[in-house]
1. Could you tally the net charge around LYS6, taking each other residue with its Cβ under 11 Å from the Cβ of LYS6, Lys/Arg +1 and Asp/Glu -1?
2. Pairs of alpha-carbon atoms within less than 8 angstrom and 6+ residues apart define the contacts here; what relative contact order does the chain have, in percent?
3. In what order do LEU13, LEU27 fall by count of nearby beta-carbon atoms within 10 Å, going from fewest to most?
4. Longest span of the chain, sites excluded, free of GluC sites (Glu not before Pro) in DSSP loop with at most 16 other C-beta atoms within 10 Å?
5. Considering only DSSP states other than H, G, I, E and B, which trypsin sites (Lys or Arg not before Pro) in the range 1-31 qualify as loop sites with at most 12 other Cβ atoms within 10 Å?
6. In nm, to one decimal, how far is the LEU27 label point from the CYS61 one, both placed 7 Å along Cα→Cβ?
7. Can you tell me how much longer the chain between LYS9 and GLU47 gets when fully stretched, taken as 0.36 nm per residue apart minus their C-alpha distance, in nm with one decimal?
8. Within 10 Å of each residue's Cβ, count the other Cβ atoms and sort SER45, SER21 from fewest upward.
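Derivation of every value follows stated rules applied to the coordinates shown; laboratory data play no part. Computed from a prediction, not measured in an experiment: that's the story for all the values here. Ideal geometry is used to build each Cβ from the backbone, glycine not excepted, and the neighbour counts take in all protein chains shown.
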Amino acid sequence: MSLEKKIAKIGDLVKMNRGYSAPGVVLEIVETVPHTAIWARVLWSDEGIGLEKVRDLEVICEGR
């Protein structure tokens with residue numbers, strides 16, 4: 001089993017790394033210029049659409 005963290009991609013089912021988090025689906029990946037952070041637009045099952053840093057997300061299930 002690999003211990004490498006999976007980077008979230010469009011279509012992945014994700015949750016937040018820390019604390020309780022309902023699952024969400026990644027809708028879009030947005031990179032900043034200059035390259036300081038990678039953001040994901042996520043459709044959360046309990047909150048609706050949110051913008052999160054990819055580094056703060058944990059992949060539950062990879063999309064196709």
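1. -2
2. Details: 129 pairs, mean separation 24.4, N = 64.
Averaging sequence separation for qualifying contacts and normalising by length gives 38 percent for the chain.
3. Working: LEU13 16, LEU27 12.
If I rank by nearby Cβ atoms, fewest first, I get LEU27, LEU13.
4. The reported range is 5-46.
5. Numbers: sites: LYS5, LYS6, LYS9, LYS15, ARG18; in loops: LYS5, LYS6, LYS9, ARG18.
Those satisfying the criteria are LYS5, ARG18.
6. Using points 7 Å along Cα→Cβ, the separation is 2.0 nm.
7. Numbers: separation 38, 0.36 × 38 = 13.68 nm, distance 1.99 nm.
So the chain would gain 11.7 nm between LYS9 and GLU47.
8. On the way: SER45 13, SER21 19.
Arranged by neighbour count, lowest to highest, SER45, SER21 become SER45, SER21.
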